[in-house]
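Here is the structure we will look at.
The values are calculated or read from the model by the stated rules, or taken from the named source; none is laboratory data. What you are looking at is a predicted structure, and each value in this text was computed from that prediction instead of being measured. Using ideal geometry, Cβ is built from the backbone for each residue, glycine included, and neighbour counts are taken over all protein chains shown. Side chains are part of the model used for accessible areas, which takes the heavy atoms of the whole protein and leaves out ligands, DNA and RNA. Shrake-Rupley method; radii C 1.70, N 1.55, O 1.52, S 1.80 Å.
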Amino acid sequence: MKVEIKKFHELGVQELYDILQLRSEVFVVEQDCVYQDLDGKDEFALHVIGSKNKKVVAYTRVFKAGDYFKEASIGRVVVRKSERQFGFGLQIMQASIAVIEQNFGSTPIHISAQKYLTKFYTSLGFKKIGEEYLEDGIPHLAMIKE
């Protein structure tokens, strides 16, 4: 998988369409969750895009401290269902953590993790903070990586 990092204004029309299509495919259709994905925050994010054969297969968006949470953050972590067996989730998260370190220095990273992925995020150094909560009807946990 090839990973690129882009600011919002650097995204091409087709690239943005492919990212939004992947997010909708997984978060809305696959997870059967009606929610407002287009939240007005994409323009403030760094977009971490994983592609294979010129097709977007993994993605996250990264924020500096204060743009989403008090701490730097990673969100909209997504991997195309047909590509999950290749370890792209791990690769895109490692790339996203590196983007934060390179752009914002050594800083805590906050995520809002779907509960079923707790073990995965723990393996990357994130620790649960607080209690479980529902976000768009899906159980989540706040997690921090110091």
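Some values worked out for this structure:
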quantity	calculated
Residue of GLY40, GLY89, GLY12 that the Gaussian network model of the chain assigns the largest fluctuation, springs spanning Cα pairs under 10 Å	GLY40
The stretch 70-146: trypsin sites (Lys or Arg not before Pro) falling in loop per DSSP and having at most 15 other Cβ within 10 Å	LYS70
ASP37 paired with LYS81, simple spin-label distance in nm, labels 7 Å along Cα-to-beta-carbon	1.4 nm
Between the stretch 1-32 and the stretch 112-146, the Cα center-to-center distance that results, in Å	22 Å
Choice from VAL13, VAL62, VAL29 showing the highest fluctuation, given a GNM over the chain with Cα pairs closer than 10 Å	VAL13
Coil-residue chymotrypsin sites (Phe, Trp or Tyr not before Pro) of the stretch 1-81, DSSP, other Cβ within 10 Å capped at 15	TYR35
Whether the stretch 41-146 is rounded, prolate or oblate, judged on the alpha carbon gyration tensor where a/c under 1.5 counts as rounded	oblate
Accessible area of the chain belonging to carbon and sulfur atoms, whole % at 1.4 Å probe	53 percent
Label point distance in nm, PHE120-GLU25, each placed 7 Å from Cα along Cα→Cβ	1.6 nm
Label-point separation in nm, SER106 to GLU4, each point 7 Å along Cα→Cβ	3.3 nm
At R0 = 35 Å, FRET efficiency that the Cβ-Cβ distance of LYS55 and LEU134 yields, to 0.05	0.60
Residue-normalised accessible area of the stretch 10-146, given per residue in Å² at a 1.4 Å probe	54 Å²
